[in-house]
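Asker: Below: one structure in structure tokens.
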Amino acid sequence: MDVRTFWLAGRPATGDSELTVTNPHDGREVGRHSVPTDAQVEEAIAAAHAVADQAAALPVHVRAEALAHVSRRIEERADEIARLITAENGKPIFWARGEVTRAVATFRFAAEETRRWSGEAQRLDTEPAAAGRLAYVSRVPYGPVLAITPFNFPLNLVAHKVAPAIAVGAPVIVKPAPATPLSSLLLGELLAETDLPAGMFSVLPVPNERAAGLVQDARLPVVSFTGSAPVGYAIADQVPRKHVTLELGGNAAAVVLADADLDWAAQRIALYSNYQGGQSCIAVQRVIVEQPVHDAFVERLVPAVEGLVTGDPADEKTQVGPLVSEAAAERVEQWVNEAVAAGAEVLAGGIREGTSYTPTVLAGVPHDAKVAREEVFGPVMILQPAASVDDAYAMVNDSKYGLQAGVFTRSLDAAFLANRELKVGGVVVGDVPSYRADQMPYGGVKDSGIGREGLRSAMTDYTYEKVMVLTGL
Ligand code: NAD
């Protein structure tokens, strides 16, 4: 099997060692890639630094065309890329195709947004002392962006950092997750087809223990991290002077109020607690149901969960595939077993087979159990009855995390109350918390992170406002 090269300052390169990527479903080798040496990492950083001013001055039509090209090429190679994502990540091909479609849109939105990315004029003569003065306010990139990405969306979450960086004219170095580097290496291939200057992008699949050099280097002033909270905050602590964006984990809640469409809610919650084996930062983990409809909802939910199609992720019909590794599946098993030992009841699932875990519904989970407090990142949901709407919203907020929440209701009052009360970065009314459109602001509060992604929000995060004052007008 060929060894994939990595991307060093826009060119394919090989280092002096290789790593193998395996399929979480059957353990088979998916591919091998070359690993950059420390000297090559230094070369990539120096190139990004050297090209930063040229990148910031790159004409908008060049940036927009590069982004549009990548969007078109992902679309043209969609089937191949989706199969690669499924092979290295284990997510069912149905979801992998969805991720590819989203990445096409992410690059397309960035191409559109860069064309709209202009400064603004601000009149200063609101006060007599500033008569005749005008400010021109523009946004300037801080400089090269270090993009550290997780395994669960190995293409689109890389796109969410690379596309806005190019859109604002910032060089970007991607450090992908060790389990799933191949999709980002393929993305490097498409970026290399563009007219972007050499040095504007690198994709460096270095092991975690060698990533500190990238994180701490002052020539990369922006660190955009998506991953788990402990790793994210440990990285932020290392670099107090950098501009850090943290897109972290959660234990998202879906609230089902008494006026909800219970069939719709059950179907959506069943699917979005388990999609990608529950390995999404906004997968439904806590299901909070208003007391009067609790039993009727559970009667619908359990068969919906049991009806999900599990199995080989390469099969077009599969809805729930394996977890990323056997260790991940064992951890989920252990957390469920701990909850059961403490009194929880298993209403569905609860069985591990290798890297797979069956879609699971738990009731009566003690308040301090890990499956209630921490991020499960597996196909497990817990049911929690609520006495009232206020009680339900207080339960959503009873978490150290705050990424997104979903509220199933037909009441506008309940929707606005949710928007006011819930301590999260996003409230989804009428659907699961797992809903995300790629152009919308996305990110969390509390331990779910700092800063926002979504094209325009990330472009704002990678830049600072610069004011030019014009005198004598
Ligand atoms: P992780 O924290 O283990 O790893 C994330 C990235 O950090 C990987 O590239 C990893 O190699 C790297 N990394 C790990 N240790 C490092 C170190 N010491 N120095 C530098 N880099 C290091 O997360 P994961 O298991 O890949 O992904 C799952 C997590 O990501 C979950 O917590 C999930 O909620 C979160 N996530 C958040 C979002 C979001 O947008 N908020 C989206 C997807 C996933």
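Asker: So which residues in the range 354-380 are aromatic (Phe, Trp, Tyr) and within 21 Å of the chain's Cα centre (by Cα), if there are any at all?
Answerer: Correct list: Phe377 only.
Asker: Is it the case that the range 273-291 has a residue that's part of a helix (DSSP H, G or I) and away from the ligand (no atom under 16 Å from the Cβ)?
Answerer: Scanning the range 273-291 turns up at least one residue that is part of a helix (DSSP H, G or I) and away from the ligand (no atom under 16 Å from the Cβ).
Asker: Under the condition of being within 10 Å of the ligand (Cβ to nearest atom) and open to solvent by 40 Å² or more (accessible area, probe 1.4 Å), which residue from the range 217-232 is nearest to the chain's Cα centre (by Cα)?
Answerer: Per the criteria, the residue is Ser228.
Asker: Give the range 457-473 a look and list any residue that's touching a residue at least 24 places away in the same chain (Cβ under 8 Å) and either within 15 Å of the chain's Cα centre (by Cα) or surrounded by fewer than 19 Cβ atoms within 10 Å (Cβ to Cβ) (or both), or say none.
Answerer: Ala458, Thr460, Tyr464, Glu465, Lys466, Val467, Met468, Val469, Leu470, Thr471, Gly472, Leu473
Asker: So which of Leu191, Leu182, Leu186 is within 19 Å of the chain's Cα centre (by Cα), within 23 Å of Asp2 (Cα to Cα) and away from the ligand (no atom under 14 Å from the Cβ)?
Answerer: Of the residues listed, the single one that is within 19 Å of the chain's Cα centre (by Cα), within 23 Å of Asp2 (Cα to Cα) and away from the ligand (no atom under 14 Å from the Cβ) is Leu186.
Asker: Here is a list: Pro164, Pro176, Pro197, Pro171. Which entry is touching a helix residue (DSSP H, G or I) at 6+ places or on another chain (Cβ under 8 Å), away from the ligand (no atom under 16 Å from the Cβ) and either open to solvent by less than 10 Å² (accessible area, probe 1.4 Å) or free of Cβ contacts under 8 Å to residues at least 12 places away in the same chain (or both)?
Answerer: Just a single option satisfies the conditions, and that option is Pro171.
Asker: If you don't mind, another one. Of all residues in the range 433-445 being within 12 Å of the ligand (Cβ to nearest atom) and either in a strand (DSSP E or B) or aliphatic (A, V, I, L, M) (or both), which is farthest from Ser273 (Cα to Cα)?
Answerer: Of everything passing the filter in the range 433-445, Val445 is farthest from Ser273 (Cα to Cα).
Asker: Are any residues in the range 328-356 open to solvent by 60 Å² or more (accessible area, probe 1.4 Å) and part of a loop (DSSP other than H, G, I, E, B), and if so, which ones?
Answerer: Once the filter is applied, which keeps residues that are open to solvent by 60 Å² or more (accessible area, probe 1.4 Å) and part of a loop (DSSP other than H, G, I, E, B), the range 328-356 yields Ala342, Ile351.
Asker: Checking the conditions here, which among Gly430, Gly451, Gly406 is within 15 Å of the ligand (Cβ to nearest atom) and in contact with a strand residue (DSSP E or B) (Cβ under 9 Å, 6 or more places away or on another chain)?
Answerer: Going through Gly430, Gly451, Gly406 in turn, just one is within 15 Å of the ligand (Cβ to nearest atom) and in contact with a strand residue (DSSP E or B) (Cβ under 9 Å, 6 or more places away or on another chain): Gly451.
The values are calculated or read from the model by the stated rules, or taken from the named source; none is laboratory data. Owing to the predicted nature of the structure, the values given are computational and were not obtained by experimental measurement. So basically every Cβ, Gly included, is an ideal-geometry build from the backbone, and we count neighbours across all protein chains shown. Accessible surface is based on the protein model in full, side chains and every heavy atom, while ligands, DNA and RNA are left aside. Shrake-Rupley method; radii C 1.70, N 1.55, O 1.52, S 1.80 Å.
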